[in-house]
Amino acid sequence: MSEPSLDSVATGQRFIIYAIILNLAAMAVALILPSPVAVLAGLVNLAALILSVIGTFRLASGLGRSVGAKIGLVVLMFIPILNLITLLVVNSRATKKLRAAGYKVGFLGAKAAANA
């Protein structure tokens with residue numbers, strides 16, 4: 001796999017991890033805060049959606065997925081709960097690919113290639 005592809009996987013994974021964190025934060029805000037303030041949860045959800053769409057597309061491109069697979073993954077980002085499951089599965093695949101290529105993958109994504 002070429003280096004630009006791995007860079008796309010690494011940045012896509014980082015976006016996906018941030019999207020997962022924002023999704024969980026939006027759920028917490030919606031459950032904890034009263035309704036008028038829960039509008040904040042909608043804004044956080046919107047930010048998570050944008051990050052998840054960009055991250056999923058970049059990651060799928062880096063992994064060499066077909067156009068149909070990319071479109072399918074992006075569509076899944078608009079379905080509540082299923083989007084979170086999809087993000088976790090795609091993140092797991094990215095972690096495996098990056099570790100196999102020598103990247104150190106931490107809680108917030110890939111740091112740098114070990115052999116670089």
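Applying 0.36 nm per residue to the separation of L40 and K104 and subtracting their alpha-carbon distance, the gain on full extension is 19.6 nm.
With each label modelled as a point 7 angstrom along the Cα→C-beta vector, the V74-I21 pair spans 2.6 nm. When +1 charges are put on Lys and Arg Cβ atoms and -1 charges on Asp and Glu Cβ atoms, the dipole computed for the chain relative to its Cα centre reaches about 340 debye.
Starting from the coordinates of the alpha-carbon atoms of the chain, obtain the Kirkwood hydrodynamic radius over all distinct pairs and give the value in Å to one decimal.
Values: mean 1/r = 0.0689 Å⁻¹.
Answer for the chain: a Kirkwood hydrodynamic radius of 14.5 Å.
Largest GNM mean-square fluctuation among F78, F57, F15, using the chain with Cα springs under 10 Å: F78.
Restricting to DSSP H runs of at least four residues, report the calculated mean residue ellipticity at 222 nm for the chain, -39500 (n - 2.57) per run over all residues, nearest 500 deg cm²/dmol. Taking each H run of at least 4 residues, the total per residue is -25000 deg cm²/dmol.
Every read-out reported here was derived from the displayed coordinates using simple, explicitly stated rules and does not represent laboratory data. Given the structure is predicted, the values throughout are model-derived calculations rather than measurements. All Cβ positions, glycine included, derive from the backbone under ideal geometry; neighbour counts span all protein chains shown.
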